[in-house]
Amino acid sequence: MNLLLAEDDAILADALTEQLRHAGFETEHAPNGAVAEFLLLKQSWDLCILDLGLPMVDGLTVLQRVRQRKPELPVLVLTALDDLQSRVAGLNAGADDYLTKPFDFPELEARLRALLRRSQSSPVANASMAMGSLVFERDSRRASIDGAPLELSPREWTLLDLLLTRRDRVVTKEEVAQAWSSERAEPGGNNSIEVYIHRVRRKLEGSGLSIRTVRGLGYLLEALRPA
Amino acid sequence: MKTPPSPLMLRLTRMVVGDQSLHKQLLLWLVLPQLVLWMAAAFVTYNVAARYANRAIDASLLQATRALARQVKPIGNGLFIDFPRAADDIIGGDPDDRVYYMVSTPPGQFILGSRTLPPPTLTGPPKLGEPYFYDGVVDKMPIRVAALYVAYGDSKTRQLMLVQIARGRARRDELARSILGDTVLPLSGLILLMTMIVWAGIRAGLAPLARMRALVEDRAPNDLAPLKIDAAPQELRSLARALNDLLAAVHESVAAQRRFVNDAAHQLRTPLAGLKSQTELALGENVDPARQPRLQRVHESAVRSAHLVNQLLSLARAEPESALAQHSARVDLRELAREVTAEWVPKALQSGIDLGLDDAGEAAPPVVVQGHPLLIREALQNLIDNAIRYAGASSEVTVCVRRDGNSGVMEVSDTGPGIPPDLHRAVFERFVRATHEGSGCGLGLAIVKSIAERHGGQVSLTGIAPHGLRVTIALPLAR
């Protein structure tokens, strides 16, 4: 995955480039708007991190120009400006996500991966997911833990799919109910969610994954930390 | 125990000590000269009245004296007085008033009378038939005396006789007093009426001033909008204009200061992000174990500075002048709490904290307030952030939204160590922290308070038994 980082602060750019490389992104650095625009238009990129306060050509202008030629390129705006107007301006210019400095790298990485997942709409890329020792293959509707096949009812499948897509984030009961009704899984009430969570939890035993109950809100899928 | 002075007492004290009230000054200048004039008029009236009373009494005394003189008839060498008739005439005049008479032949030979009366002081030979009037004292009583020198006998044995009649001055004084009373009473009434009219006039005339004062007094200290000057009378307009100029200048300087804080904070963000990323990276590499703790500290410091900068910006945004003021909308606190809490769950889990929502369920009615969605969100985020920072690992943090009378209430409770009650007030101050544990900067609750107050709401802290803290934001419900 190749990524262009357009950031004028050399110290931040240096550290970020290194961190992104560690995280598995092939990272190029553009120190100003002109270089960023040139590189973005000349080469093919999977992702772009764009600072708004770039010298020579400012980030918003770069974004607008690039959008016309490459509407599909996922762009995450990384900026010191976090007021509402700047956010609206950034998103209007075609940013896919907006993160303010200073940031936590894990959050940046998570957002980049989410952008990638959204952009790589080809079913192949999205088809299989792995977390812990669980492998989840969407097109063949097959799941396995450590290679051992996992039997899931349609509702359990939908539930686990949702939890996996939103890993480390809260999935509310309403969202589960909605997913079920849109997939036309077997009908069932809201209270049965607990029952299904219980079942999926048992099926996930030994996978290194755990479904945490969040009081009053819903559920969250997390990888168990090695004890 | 000291009780605060009542407003009335304060006002009285101020009036006695003399404040620079325009009302008072005008009233003083309008009424005081009137009072002086009134006193002068009373004095003059009294004197005029006394003179007329004297004149009337003198006339009656003279009449009586002449009558008495006529009754004195010389018989040979002596004098005969038809006394009873004369005395009747004189004394029968007024039973209340003491009347004295004396007939003598000067110098000082008493012939008859009821009393020895002082003789008139003469500046030359006595004039016959000319009345003398003067004041004297008999038995320590002030009297008015009429005296008449009469000659009797033929031209050879011509002798002088002094006829005096005196009367107590009580009657005269009473007369003068009644004349004075009859004049002064209506005059006083007039003065009183005048004062009231003047007072009403002053009040009506100065009403715009009072309105302007109320306009300035009722203002929040940070409200620097110009005063409305259309309604003010001519004289006040220039004052209002001057005040508006001053307000505008203050507003500009405050705004400039805020812009500076805002710009400075923004400028700090990028280098801080760089510092943070560099230390993060360095910590991930294999470093000399001896240096590791140092590096860790640098990193923590960078994280903390980053937090401080973010909080400073939040505080600047919570100020009424910020551009967000225009974006007021209806906010469902229940929905907001659900969203924000869900967002914060991963962070809470990282800190080993069980963050949850105490929700009445989907069926419960929404709790809607009118306000700035981003600011209210910011307030709730600050409370959750605080709870996560200070409650300590394996605590429970619970967000709850409910309706309480006319308020929408958001509560964040934790099972942490809490804050000692004597610090409950101080922690709302900027940069005041209840503890030096944790990585906060002491702005969280100041931001929350600023946001709550801007929405006409309140923030309060409550301790929870056996340990823990509940922070409550109450905002007025939307109509």
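Residues in the stretch B:258-270 that are touching a residue at least 60 places away in the same chain (Cβ under 8 Å) and either within 8 Å of another protein chain (Cβ to nearest Cβ) or under 17 Å from B:S301 (Cβ atoms) (or both): there are none.
Just checking, does the stretch A:73-94 include any residue being assigned by TED's automatic domain parsing to the domain that holds A:A15, closer than 22 Å to B:E378 by Cα, in contact with a His (Cβ under 9 Å, 6 or more places away or on another chain) and of a type in the set (D, E, K, R)? Checking the stretch A:73-94: at least one residue is assigned by TED's automatic domain parsing to the domain that holds A:A15, closer than 22 Å to B:E378 by Cα, in contact with a His (Cβ under 9 Å, 6 or more places away or on another chain) and of a type in the set (D, E, K, R).
Quick grid of which residues meet (1) surrounded by 14 or more Cβ atoms within 10 Å (Cβ to Cβ); (2) touching a residue at least 24 places away in the same chain (Cβ under 8 Å); (3) among the polar types (S, T, N, Q); (4) within 15 Å of B:L312 (Cβ to Cβ):
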{"residue": "B:P233", "(1), (2), (3), (4)": "no, yes, no, no"}
{"residue": "B:A240", "(1), (2), (3), (4)": "yes, yes, no, no"}
{"residue": "B:L247", "(1), (2), (3), (4)": "yes, no, no, no"}
{"residue": "B:A256", "(1), (2), (3), (4)": "no, no, no, no"}
{"residue": "B:L272", "(1), (2), (3), (4)": "yes, yes, no, yes"}
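Looking at the structure I just gave you, is A:L91 touching a Phe, Trp or Tyr at 6+ places or on another chain (Cβ under 7 Å), surrounded by fewer than 20 Cβ atoms within 10 Å (Cβ to Cβ) and within 29 Å of B:L374 (Cβ to Cβ)? Here the answer is yes, as A:L91 does meet what is asked.
Just to check your reading of the model, which residue among A:A114, A:A125 is within 30 Å of A:K70 (Cα to Cα) and either more than 14 Å from every other protein chain (Cβ to nearest Cβ) or modelled with pLDDT of 85 or more (or both)? Of the residues listed, the single one that is within 30 Å of A:K70 (Cα to Cα) and either more than 14 Å from every other protein chain (Cβ to nearest Cβ) or modelled with pLDDT of 85 or more (or both) is A:A125. Residue by residue through the stretch B:276-323, note down the ones that are within 19 Å of B:A264 (Cβ to Cβ), without any contact (Cβ under 8 Å) to a residue 60 or more places away in the chain and not small (G, A, S). Matches in the stretch B:276-323: B:K276, B:V309, B:N310, B:L313. When you scan the stretch A:52-65, do you find a residue that is facing another protein chain (nearest Cβ under 10 Å), touching a helix residue (DSSP H, G or I) at 6+ places or on another chain (Cβ under 7 Å) and modelled with pLDDT under 90, even just one? Checked against the condition, which is being facing another protein chain (nearest Cβ under 10 Å), touching a helix residue (DSSP H, G or I) at 6+ places or on another chain (Cβ under 7 Å) and modelled with pLDDT under 90, the stretch A:52-65 yields at least one hit. Checking each residue of the stretch B:405-427 against the condition of being surrounded by 18 or more Cβ atoms within 10 Å (Cβ to Cβ), in a helix (DSSP H, G or I) and out of contact with any Pro (no Cβ under 7 Å at 6 or more places or on another chain) gives at least one match. A single member of A:E72, A:E37, A:E28 is assigned to a strand (DSSP E or B) and away from every other protein chain (no Cβ under 14 Å), and it is A:E28.
When the stretch B:117-126 is filtered for residues that are touching a strand residue (DSSP E or B) at 6+ places or on another chain (Cβ under 8 Å) and surrounded by fewer than 11 Cβ atoms within 10 Å (Cβ to Cβ), only B:T121 remains.
Taken over the stretch B:441-470, residues that are under 14 Å from B:P417 (Cβ atoms), surrounded by 17 or more Cβ atoms within 10 Å (Cβ to Cβ) and not basic (K, R) amount to 3.
Identify the single condition in (1) assigned to a helix (DSSP H, G or I); (2) at the interface with another protein chain (Cβ under 9 Å from one of its Cβ atoms); (3) at pLDDT below 90 that B:E362 does not satisfy, given that it satisfies every other one. Every condition holds for B:E362 apart from (1).
The values are calculated or read from the model by the stated rules, or taken from the named source; none is laboratory data. In this text, all values refer to a predicted model and were calculated from it rather than measured experimentally. FYI the Cβ positions are ideal-geometry reconstructions off the backbone, even for glycines, and counts take in every protein chain you see.
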